[in-house]
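FYI, it's all coordinate maths here, none of it is from the lab. From a predicted model like this one, the values you see are computed outputs, not experimental measurements. Using ideal geometry, Cβ is built from the backbone for each residue, glycine included, and neighbour counts are taken over all protein chains shown.
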Amino acid sequence: MKRESQGKSMTTTPSKDSVRRRIEELRRQIRYHNYRYYALDDPEISDAQYDALFRELVRLEEAHPEFASPDSPTQRVGFAPLEQFEPFIHPVPMLSLENAMDREEMVEFDRRVAKLLGLTEPIVYTAEPKMDGLAVEILYEEGKLIRAGTRGDGYRGEDVTPNVKTIRAVPWRLFSPPDGPPIPERLTVRGEVYMDRKAFQALNRDREEAGEPPFANPRNAAAGSLRQLDSSITASRPLKAFFYGVGILEGASFQTQWDLLQGLRQWGLPVNPLSQRCRGIDQVLAYYERIERQRPDLAYEVDGVVVKVDRLEWQRILGEKTRSPRWAIAYKFAPHQARTRIVDIQVQVGRTGVLTPVAHLEPVSVGGVTIRRATLHNLDEIQRKDVRIGDEVIVQRAGDVIPEVLRPVTEKRTGQERPFHMVSQCPSCHGPVVRLEGEVVHRCLNKSCPAQVKAAIRHFAGRDAMDIDGLGQKIISMLVDEGLVKNPADLYRLTEEDLLKLPGFAEKSAANLIRAIQESKTPELANFINALGIQLVGVHLASVLAGHFKTFQAFREAGREELTAIDGVGDKVADSIVRYFENEENNKMVEGLLAAGVTPRPAEAEPVERASSFWPDKTVVFTGTLASMSRKEAADRVKALGARVASSVSAKTDVVVAGEKAGSKLEKAKALNVRIMNEEDFLRSLREEA
Ligand SMILES: NC(=O)c1ccc[n+]([C@@H]2O[C@H](COP(=O)([O-])OP(=O)(O)OC[C@H]3O[C@@H](n4cnc5c(N)ncnc54)[C@H](O)[C@@H]3O)[C@@H](O)[C@H]2O)c1
Ligand SMILES: [Zn+2]
């Protein structure tokens, strides 16, 4: 895929004056976009477009040093912290990274490093996925989490300690096995807070349904979730973190970046398992290609790889420039973008009646996937981007995130393009379309609107809900159109005879679907709560609520007070739940489900005790025999602390607990660089959690 033009190429020599004006214009634009991106977490342009502006400015300033200025955005990191937050001072400045866009720039980086160090042999690097989240620094003293802040302008960030403490992957206390590095007296560790793509999509769906503006991408969702004044909002968002560096490190030392990563891992800080040591630039380039291939399958967004000179001594020799270190570089992936034409814009009705305009496109291949539709979010977005029917547009797809229209190519307009008007009648039920006060979205308010019923049933039958196999969009559509199903509870009254009347069903397929529906009757409580489709209650909150209430009855009877007392449940969510169960129709539907024999399984394990430092969210494999307890007992102990137990070792394994006579799993763990605990380490860590 060709990238968008990297700024204007200059064929004739421009006058000094026009260069100065362009520089000023670029600085003004970049400052504005920095503000949107860093302060508001709401960018207006894509990263690729931003990078093009930034690079053009760098080039002009290099070619015309007389216009250089210490307050140019090229000399600064990020954006000053917002005043609503207490400042977080970085004891060692937290810089940005220089970017490379192609192989030549990487080869050039390698040459520069070799020259500065006076080396001729291949240089060893540690290469890591470049997480697309936001950078944080956390201070640990004697292993205890003291404070955490965002990067801000590199010198001062925003103090977000209570928010960072709600992230399960972040230990409140560091852990040290006897054979690992000692716990440092003082440590500031640096990492990236991010949100998985799936969680991001679920969050955006919930937001769109609730009439709130969706986040542009997982990075902004993570940043917007972490930079909250109310940490219960942060707690309700499924954030994760990977760590990759340190600022201060007292009382422990490492020789290389690679050893440092292993050390962080041993202290219980999550480190990206895809990191790799590379000998020479060719291995770096191969690593880049491998990660780019894996990119669509990763659970999270990466926007490139970060390459760091491995020897810390050499890093010190190379030192820093104003904005970035000389010993590291970010090799960015090309965005998956393409040009195509909007054939039409149609509105789609969601399960709570929200109307989403969707662009129907001339099919185009973007990063290997053919796309025919792209979301336009809402009317405001369409007007802000000035997208019209018939426009040639740039579309972008990041991983499996829903493709979106970035902007029209206005130079290609013919005058035949038509602006989009929001419909005044619901395309499904022809009811009136309204825009409620304070909302950006338009809605159909008719509760029995067929499109809403269909969407609600699709949600109900989905993977994270009742998980009904074989109940796809087409069948749901027929069931609703034929009047066989008016709400989810009706599904359980369907018979084979009903289905056989529909086109496309035979005895066997009808029997299969009825069986799948009947088999869905004992969902996990969290899935059942999610299935109900309560506004603002998505997959993540549903599991928080299930963990708290244990039974559906207790959840259903909970009052506002009890709800808001739960970590991660704010006023809005509590109101929405209470309102749901006050509604006559919802109650009838829920009664219908229970009467049909739907019995959610009570949630099991105790909610994780937050103060426990190491085990939450870790994937653990046991191997060999433990002298002090059975395998089952050991597994139950760590599960109670929030860990998952797996049977085989993979790159996703966090810890292998190896007892006597451990065999191949232990070998595999060593090969994959997975942390290994012997029985003594294991018992000690359980004692520490007690
Ligand atoms: N769209 C917009 O309007 C807009 C505006 C401003 C910035 N941006 C984006 O932000 C970028 C500039 O931001 P930046 O200064 O944060 O630089 P950067 O994102 O290019 O690189 C530095 C950052 O990379 C992150 N990182 C991820 N994984 C890492 C790892 N393994 N090791 C080290 N660091 C890792 C850290 O947060 C670090 O601060 C631009 O290139 C652009 O893509 C976009
Ligand atoms: Zn309708």
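Observations
- Residues of type aspartates and glutamates that Lys588 reaches as a straight line, Cα spacing below 17 Å, ignoring anything fewer than 8 places off in the same chain: Asp490, Glu557
- The charge dipole of the chain, taken about the Cα centre with unit charges on the Cβ atoms of Lys, Arg (+1) and Asp, Glu (-1), comes to about 1200 debye, rounded to the nearest 20.
- Under the span-like rule (Cα at least 20 Å along the axis, Kyte-Doolittle mean at least -1.0), DSSP H helices of the chain: 47-63, 103-117, 280-294
- Cα gyration tensor shape of region 245-309, rounded if a/c is under 1.5, else prolate or oblate by comparing a/b with b/c: oblate
- Paramagnetic label zone (point 7 Å from Cα along Cα-to-C-beta, Lys474; backbone N under 15 Å) in region 483-508: 502-506
- For region 347-359, putting each phi into the Karplus relation 6.51 cos²θ - 1.76 cosθ + 1.60 with θ = phi - 60° gives couplings of 9, 10, 9, x, 6, 10, x, 5, 9, 10, x, 10, 7 Hz, in residue order, rounded to whole numbers and with x for Gly and Pro.
- For the chain, calculated [θ]222 nm from helices alone, where every DSSP H run of n ≥ 4 adds -39500 (n - 2.57): -10500 deg cm²/dmol
- Cα centroid separation - region 661-690 against region 34-71, whole Å: 47 Å
- Long-range amide H partners of Ile676 with built H, under 5 Å: Val656
- Rounded to 0.05, the FRET efficiency of the Asn583 and Ser424 pair, given R0 = 35 Å and the Cβ-Cβ distance, is 0.85.
- Distance-filtered residues of region 457-484 - backbone nitrogen under 18 Å, label point 7 angstrom along Lys521 Cα→Cβ: 461, 466-469
- Exposure proxy ranking, count of Cβ atoms within 10 Å, fewest first, for Met94, Met195: Met94, Met195
- Among the listed pairs Lys447/Lys474; Lys144/Lys198; Lys412/Lys454; Lys632/Lys668, those beyond 30 Å (Cα-Cα): Lys144/Lys198; Lys412/Lys454
- Fewest-first ranking of Asp196, Asp386, using other Cβ atoms within 10 Å as the exposure measure: Asp386, Asp196
- Put simply, the amide H of Asn99, placed in the peptide plane, has neighbours under 5 Å in Ala330, leaving out anything fewer than 5 places away on its chain.
- Think of the chain as having a plus end and a minus end, set by charges on the Cβ of Lys, Arg, Asp and Glu; of Ile529, Gln228, Val92, Val92 sits farthest toward the positive end of this dipole.
- Reachable aspartates and glutamates from Lys486, criterion Cα separation under 13 angstrom, eight or more residues apart if same chain: Glu585
- Length-normalised contact order for region 16-75 - Cα pairs under 8 Å, 6+ apart - percent: 39 percent
- Assuming charge only on the beta carbon of Lys and Arg (+1) and of Asp and Glu (-1), the dipole of region 16-75 about its Cα centre is about 240 debye to the nearest 20.
- Sites Asp179 and Arg55 - FRET efficiency at Förster radius 56 Å, r taken between beta-carbons, to 0.05: 0.75
- Table column - 3J(HN,Hα) (Hz), region 648-661, Karplus curve with 6.51, -1.76, 1.60, x for Gly and Pro: 10, 8, 9, 5, 8, 6, 8, 9, 10, 9, 10, x, 4, 6
- Here region 619-689 is treated with +1 on each Lys and Arg Cβ and -1 on each Asp and Glu Cβ, and its dipole about the Cα centre works out to around 280 debye.
- A straight Cα-to-Cα reach below 18 Å connects Lys508 with the aspartates and glutamates Asp469, Glu496, Glu497, Asp498, Glu519, residues fewer than 8 places away in its own chain not being considered.
- Near the amide H of Glu524, within less than 5 Å, lie the amide hydrogens of Arg601, all on another chain or at least 5 residues away, with H placed in the peptide plane.
- Gyration tensor verdict on the chain (Cα atoms; rounded if a/c is under 1.5, prolate if a/b is larger than b/c, oblate otherwise): oblate
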